[in-house]
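The values are calculated or read from the model by the stated rules, or taken from the named source; none is laboratory data. Predicted model, so just to flag it, every value in this text is computed and none were measured. Please note: Cβ atoms are built from the backbone with ideal geometry, for glycine as well, and neighbour counts cover all protein chains shown.
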Amino acid sequence: MVSNGDFKTDHDLGTFMRDAQERMAKDYERFRMRSKEDPNTAGSQGENSWASLLREWLPPFFHIKTQCRILGYDGHSSRQADLVILRPEYPQGLLDEKYVLANGVMAAFECKLTLRSADLEEFFIRALSMKERIPERLGNPYIELQRPLIVGLLAHSYEHSASERAIDHVEGRFQELDLQHVKHPNQMPDICCVADLATWSAMKSTWGPFHPMGDANSINPIITTSYSVHRKAIRPFTPVGAAISSIWKKLAYEYPTLASMANYFVEADMTGVYRGKGRTWTEEVFSQDVVQRIKQGGLNNDLSSNWCMATVT
């Protein structure tokens, strides 16, 4: 939704995003030339390329590190995360450690120079490993659908051409792997960006009685989830811009002080429009207290509320 409606001119923010996209493309060509003779170094360069981008575009109080393992309460660690965003309150004395405390991790990403279809299932398995390090939360629809850890996949390119067919193929694989591996919405991977192809974001919504978009005759909550692909809307669109905008939006759910800037990216049309095939869940994904409040009309239309029916995560 756009507040001012004036899209007759381009936006400087879009220009900055195109510059970032072009830089990622140049990085990819440079790294790819060396990847056959030294794949490990090329992979590290790819991770650093994404880390540099996020350092430039996210608030400076987040700590961004590469090649870390997430350490759970039980002392067991996840598989390696290529890139992590640590919370501002993360202990300064632990910033140089390669094992990072689970509750101090805001986001974790796997990075690929060239994403291949076969990599997607491994990504889902890694995402589950990381999400499992973070305890589930109870109390409202948002926190029960979303663990406080963003897990994503960042790639410079895809093994197939940047075409609508390739986008549909990746989207189809996400749907297949979701049905195979994801047993609760809070286990879903959150974002995938292929810099020269597209960006996908996990979307989660809760529907119940007594609100304009719901079924007034239904007394049972219905939850829908999808991996929605961002597409060009009005202004020039870039997958990198959509990814940065989506990450801002996701961070703002946990840090409400970021909401104003996150909304600016959306209002300036950096996210484009998005669509995706939904998966339906029943009320069993919620605690009984949340189910009862939804049945009593507890949902609202306030996008900043944890009881918003159209929770976009």
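A few remarks follow.
- Flag if A42 is farther than 26 Å from R137 by Cβ, more than 19 Å from the chain's Cα centre (by Cα) and small (G, A, S): yes
- For segment 166-184, filtered to residues that are assigned to a helix (DSSP H, G or I) and farther than 29 Å from Q45 by Cα, the residue that is modelled with the lowest pLDDT is G172.
- Yes/no for F237 being within 26 Å of I64 (Cβ to Cβ), in contact with a strand residue (DSSP E or B) (Cβ under 9 Å, 6 or more places away or on another chain) and crowded, with 18+ Cβ neighbours inside 10 Å: yes
- The residues on offer are L138, L115, L128, L83, and the sole one that is within 30 Å of Q180 (Cα to Cα) and without any contact (Cβ under 8 Å) to a residue 60 or more places away in the chain is L128.
- Taking the criterion of being touching a helix residue (DSSP H, G or I) at 6+ places or on another chain (Cβ under 9 Å), touching a residue at least 40 places away in the same chain (Cβ under 8 Å) and under 30 Å from K232 (Cβ atoms), the only residue of segment 282-304 that qualifies is S304.
- The numbered conditions (1) acidic (D, E); (2) modelled with pLDDT under 90; (3) not in a loop (DSSP other than H, G, I, E, B) are all true for E284 except (2).
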